[in-house]
1. Cα gyration tensor of the stretch 548-707, axes a ≥ b ≥ c as square roots of the eigenvalues: rounded (a/c below 1.5), prolate (a/b > b/c) or oblate?
2. What aspartates and glutamates sit close enough to Lys559 to cross-link, taking a C-alpha to C-alpha distance under 12 Å and skipping anything fewer than 8 places away on the same chain?
3. With a 1.4 Å probe and all protein chains left in place, how much accessible area per residue does the stretch 351-457 have, in Å²?
4. Label His753 and Leu53 with points 7 Å out from Cα along Cα→Cβ: what is the distance between them in nm?
5. Per residue of the chain, what 222 nm ellipticity follows from adding -39500 (n - 2.57) for every DSSP H run with n ≥ 4, rounded to the nearest 500?
6. What residues qualify as long-range amide H neighbours of Leu498, i.e. H under 5 Å apart, gap of 5 or more or another chain, H built at 1.01 Å from N?
7. Run the accessible area of the chain with a 1.4 Å probe and give the carbon-and-sulfur part as a rounded percent.
8. Need the full-extension length gain, Thr421 to Ile296, defined as separation in residues times 0.36 nm minus the C-alpha distance. One decimal, nm.
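The values are calculated or read from the model by the stated rules, or taken from the named source; none is laboratory data. Treat the numbers as computed from the prediction; the structure is a model and nothing was measured. Cβ sites come from the backbone with ideal geometry, for glycine too, and all protein chains shown count toward neighbours. Heavy atoms of the whole protein, side chains included, go into the accessibility calculation; ligands, DNA and RNA do not. Shrake-Rupley method; radii C 1.70, N 1.55, O 1.52, S 1.80 Å.
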Amino acid sequence: IRCWSNIPFITMPLSRAHGKSFAHRSELKHAKRIVVKLGSAVVTRGDECGLALGRLASIVEQVSMLQNQGREMMIVTSGAVAFGKQRLRHEILLSQSVRQALHSGQSQLKDMAIPVLEARACAAAGQSGLMALYEAMFTQYSICAAQILVTNLDFHDEQKRRNLNGTLHELLRMNIVPIINTNDAVVPPPEPNSDLQGVNVISVKDNDSLAARLAVEMKTDLLIVLSDVEGLFDSPPGSDDAKLIDIFYPGDQQSVTFGTKSRVGMGGMEAKVKAALWALQGGTSVVIANGTHPKISGHVITDIVEGKKVGTFFSEVKPAGPTVEQQGEMARAGGRTLAALQPEQRAEIIYRLADLLTDQREEILLANKKDLEDAENKGRLALPLLKRLSLSTSKLNSLAIGLRQIAASSQDSVGRVIRRTRIAKDLDLEQVTVPIGVLLVIFESRPDCLPQVSALAIASGNGLLLKGGKEAAHSNQILHHLTQEALSLHGVKDAVQLVNTREEVEDLCRLDKLIDLIIPRGSSQLVRNIQKAAKGIPVMGHSEGICHVYVDTDASVEKVTRIIRDSKCEYPAACNALETLLIHRDLLRTPLFDQIIDMLRRHKMFLVLQVKIHAGPKFASYLTFSPSEVKSLRTEYGDLECCIEVVDSVQEAVEHIHKYGSSHTDVIITENEKTAEFFLQHVDSACVFWNASTRFSDGYRFGLGAEVGISTSRIHARGPVGIEGLLTTKWLLRGDNHVVSDFSEHGSMKYLHESLPLPQRNTN
């Protein structure tokens, strides 16, 4: 671990044989030698006179961070002309006659004509100042920078090429960041764009071609080209149908229409693409991205190196299947077709899937066995998570029962009228249920989640994107295949998609134009990461399952031990398992309390002989020799561990739950109905139970057939989320030549706003 600017960082061993570019974005984190090309639009202010200092400082900070990680960074920069133009304009204004300025008046002084400045002169005046600025910025991070000016002739002369190559290698060896620019003070006018075709020919006519030539000469792993657009689009950027191209392949340029070049600089997007393809052909990976956007410019370079979906990535390897964007569009179209089916047809699909789970159980269990063997061999899953990963005949049978329950209860879910109002004569309004759209469900270690969520999406007419964990890859693959087989019954195979590409979860959470709702199912860390990463997409779920059981003074001895055992020990890894046990103070040192402790210590599961107990602060104060004191009362153990804390009353129990709980599931054990009702009404959680295990907080046990998850949010859906939680509404207004002006003060019509009876629901 080393430090720069008081910020610790870790140097990483980076090595890669050059000669072949990276095939996937996720591999960019292994790039050791990186060239960052800064376009004129990135470095220059909007008025083209002077530099965008804040943007430039952010870029220097990112380059410094990567340099100090052990990478070899090089910068190809524009900006000398703009910096020089600013200086020369200032000098011209100062050289004006003071007498002329006084006689002209202040207003005319502002309008004084500035002669057109020749670019070479501006470059000559700006080079030294630009380099001095870079040096000052890099010094803040204890990094030395060196300037190198080149022309096209330097690459055509073999001796000069060797000299340049040697100089750059020596600078990199000494941990110096080379800053390279075309020597615009002496550079000839640009030649016609007649090269860029072969690996051996590329003229340095602008900084795009310079960066590409340099990247190949130096056997660079990655070339990052920053401009003032997000990347490549399939149509002119800004047009209604324009879509950012995530990955660009050689040969795709025939399908792209190029617009005009940027407001400053010599290269346009066509020049960037040709230079990028030339570099790619030479073994260097390329990303073209936006370096001017205020929301992303502060981390655009580091995001690219981390493999995030930023800009357009150039790759020679086309994926075997569709991209995740294409899958999202397929799910959208398939979901709309699914929603248009008759309820009986959607139910038939789910019944068919339930049958396939039992008919194909041998194939499913064989695939699951491979996942279990891989997980055990790699040793990356704890025993409770291995249980989540494991499938069995009984699990598959339970799944099939749950799916049939969903099919039976979904007959009138979509298109159900929930409100009818007569606005005026012959003007009737209806509010009806409709699907949310496209759901993204991200789940870990639970292949049984796939058919459950798929059935709920089918029943509610939603398109579905599924992203499962690598540990369940074989199980997920066959379960998705069976789901698509069932969907094919009515020609809607594309409605449910399994994302198998190397998309990072954070990148999926940015697809706000394709996804309408994200539902994470997994660890609290996964949920928190998704909630943090989601950009403009609502997230339904809970980050933690800190469930409480409060034992009141009027509790039944028999009920207490049964409910606590079931809540904590039946499935300790579940989000609805007991984590904190609250005991009324009067129960301490009573036979009931001794029975609770004895039961927890004697329980045997996963070869663990007892439940590990942590003492809350108040509980510890009552004991001479207490268990280990809890580090935090907001802990989700997910294992055979729990915290015990003491409270003085039901009111204090409620206050403790509100302060330390996660609004998931909380329980009171008591025979006093008045105390129980107080608890039920005052605890503000998604699920609140009286004399029942926390483990009942489950969609299947609630009679929902299954659940996509348990929501602790306060908007739309709360608790176990079944079909109803995956629906929203729309309004249908049926009129006959009605206009608002008819309802004005002097109009001919009046509002009625009469409630109309609802159609009778199908309860079979």
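1. rounded
2. Glu671
3. For the stretch 351-457, the solvent-accessible area averages 40 Å² per residue.
4. 5.9
5. -11500 deg cm²/dmol
6. Residues meeting the criterion, in which the H sits 1.01 Å from N, are Leu466.
7. So the carbon and sulfur contribution to the accessible surface is 51 percent.
8. 40.2 nm
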